[in-house]
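Derivation of every value follows stated rules applied to the coordinates shown; laboratory data play no part. Worth saying up front: this structure is predicted, and the values here are computed from it rather than measured. We place every Cβ from the backbone using ideal geometry, glycine too, and count neighbours over all the protein chains shown.
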Amino acid sequence: MTITNQEYAEAAIKANEEGRALKVENDKLTLVDPQPMKLTGEQIITQNQQFKESLLKEANIEIDILNDKLEFDAATNDDITLLKKWKLYRINLKKLDVNDINLTFPERPY
C-alpha cells in the first residue's frame, strides 16, 4: 500500500475532526473508533501519586489563603466553614493508598 503525505494528512485531519483513529485495513487507510488506552498497574499507581500530589498542593494553597483571612480577621463564617472542609479534605487525601489501582479520590470541597 502506498499513500502520499497529502492523503495521510487529509485522512488524519478528518479522523481528528470526527474523534476517530486511522488504521490500515485490507491495504486501505480507514477511520476507526479509537480503542481505550490500557494502563498497567504501575502506570495507574504513578498517575495516582501525581494526582494526589497535585490535589494536596491545591488544598495547601486554599488552606493557606483561608488561614490568612482568619489571622487578619477578614474571614467570614463561610470562610471558616470552608477552611474546616479543606483541612478535612487534606487529611483524607493524606490517608489515600496510591498503590490501590481502584483508588477513589475524595470530593473537592466547595
Fluctuation leader among LYS28, LYS94, LYS69 - the chain, Gaussian network, Cα springs under 10 angstrom: LYS28
Relative contact order of the chain, pairs being alpha-carbon contacts under 8 Å that are 6 or more residues apart, as %: 21
In order through region 2-9: 3J(HN,Hα) via Karplus (6.51 cos²θ - 1.76 cosθ + 1.60), integer Hz, x for Gly, Pro: 10, 9, 7, 4, 5, 4, 5, 4
Spatially proximal lysines relative to LYS38 (Cα-Cα < 30 Å; intrachain offsets below 8 disregarded): LYS14, LYS23, LYS28, LYS52, LYS57, LYS94, LYS95
Of [x] -0.43, -1.00, -1.14; [y] -0.31, -1.09, -1.32; [z] -0.62, -0.98, -1.08, the label for log10 I(q)/I(0) by the Debye sum over Cα atoms at q = 0.11, 0.20, 0.22 Å⁻¹ derived from the coordinates: [z]
Hz values of 3J(HN,Hα) by residue in region 17-32 - Karplus curve (6.51, -1.76, 1.60), Gly and Pro given as x: 4, 9, x, 10, 10, 9, 8, 8, 10, 6, 6, 10, 7, 10, 8, 9
Choice from ILE44, ILE63, ILE13 showing the highest fluctuation, given a GNM over the chain with Cα pairs closer than 10 Å: ILE13
Student exercise, the chain dipole from Lys, Arg, Asp, Glu Cβ charges, in Debye to nearest 20: 360
Whole-Hz couplings from phi, Karplus 6.51/-1.76/1.60, listed for region 57-69; x for Gly and Pro: 4, 4, 4, 4, 5, 4, 5, 4, 5, 5, 5, 4, 4
